[in-house]
Every structure is written in C-alpha cells, then in structure tokens.
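Take this structure, written in structure tokens, and hold onto it; I'll ask about it next.
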Amino acid sequence: MLRARLSYANVISSIALFVALGGTGYAVTQLPRNSVGNRQLKANAVTSGKIRPRAVQRSDLAPTARGGARGPRGPAGPAGQAGPLGPSETIQVKRADTVPIPIGAGGAATIATITLEPGSWLLDANTTVVFGSVDSADYFECLLQTASGDVLVKGLMRGGGTPGSVLAGHVPVRIGTTLTAQTRVNFLCRHDNPVTGATPYADRTTLQATRVGSLENR
C-alpha cells in the first residue's frame, strides 16, 4: 500500500486554491475606537432595547418630537376641604335704649358687655353722654374693663355749660389687646360729682371687637 507524501509544491497549491475560493475576506474581532458612524449604521438599526433607560435627554430630540399638540382640558377635580378660619372676625353689640349714669363716688353704669375668646382683638367702644350742666372742672369717664376688674383703657369727657341746659358729648374708647383666656369685657361710664338738673345717661352705645392675627406696639 502506498502512502501519499506531502511536498512543498502540494502545500503551496492547496493554499492558493483556498484563497481563490474564499476571496480576500477576513474576520475582525475588535473595532478601533470611534470607527462606527452614521454611514456604518443600517436604517432602523437602533431599537428601544439598545438604548439605556433615561439615557436620551429632551435636548437630544428634534423640536417636533419634544411635545405634541395640547389635548383637550380634562374635567375639574373634586373640591378640596375647607381650610381653617382666618384671623378676621367682628363681634358688635349695639344698644338702642339709654342707660342712666349714677352720680357719686364709686358709682358706674355698665352700658355694654361682650365676651371674647383667647386671641388678639381690636376693641372700639363709643357712646353719647347726655347730661345737665356741670362744673367745667368735672368730667365723665368711660372705660373698658374686664369682669375681673382690670382696666384696659379710659376715655374722658369734660363737663361745663349754662345752668339748666342739656348738653351731650361723644366718648370714643379704643384699644388693641391680647387675651389668654375667654374674657368678658364691660363698657362702663361714671361721674363722681353731683350734676345740676336731670340724671345723666348714655345713649347710642356701640361696642365692637375685631379679631386680628397679631398686635405690635410701636
């Protein structure tokens, strides 16, 4: 039995035949950096699965792709819960009747009363005092005072006039105060000296309290 013996000529001829049949192509196992560009990519080659999540920014998109046409307005949502009451609240007490003002030391007439909750308040009280003639050195005193006896503010009106005449004067009293507990505030008027003629009285009395957010004394 004869064995085939390889010679140099046989090897060269085999390689030449392989190249002729396979052409000049070769395999590439690693691409150079930045060697692939737009020309190397096939159409529709980049799909959603090839893009890392949140890698594409709004600035990467064309202006026409950044937002479509605005859709119709949706229905209104349900109304929210009502918020807490604001700091504004006004309480007013008016008296249509007249209140006699006692004469003599220690006497006073409570002509209006109001009860207030804790907080900051602006108090505005006024009345018209009607009286017979009194000495010009005398005066009527109207004041706001708590039920416990703390005087918040006083207002004065001087007397004087022709004997036998009937006089009247407006007495306004105003103050801002902060209460730490529920408090009853009284509006009182008094006169410590004798009066000539009829007993004086308070008329057209109003006591008003307005709650405010805060008070600042300057």
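Read the figures in this text as sums done on the coordinates, not as results from a lab. The structure displayed is predicted, hence computed values, not measured ones. Here Cβ is always computed from backbone atoms with ideal geometry, including for glycine, and neighbour counts include all displayed protein chains.
For Ala62 and Thr178, calculate 0.36 nm times their separation in residues minus their Cα-Cα distance, and state this gained length in nm to one decimal.
Details: separation 116, 0.36 × 116 = 41.76 nm, distance 6.33 nm.
35.4 nm is the gain from fully extending Ala62 to Thr178.
Please arrange Thr210, Thr180 by how many other C-beta atoms lie within 10 Å of their C-beta, fewest to most. Don't skip to the end; give the middle numbers.
Numbers: Thr210 16, Thr180 7.
Ascending number of Cβ neighbours within 10 Å: Thr180, Thr210.
Something else about it: Assuming 0.36 nm per residue, please report the length gained on full extension of the stretch Leu122 to Arg158 beyond their Cα-Cα distance.
In short, 10.4 nm is gained.
If each residue's Cβ is checked for other Cβ atoms within 10 Å, how do Asp150, Asp203 rank with the fewest at the top?
The most exposed by this proxy come first: Asp150, Asp203.
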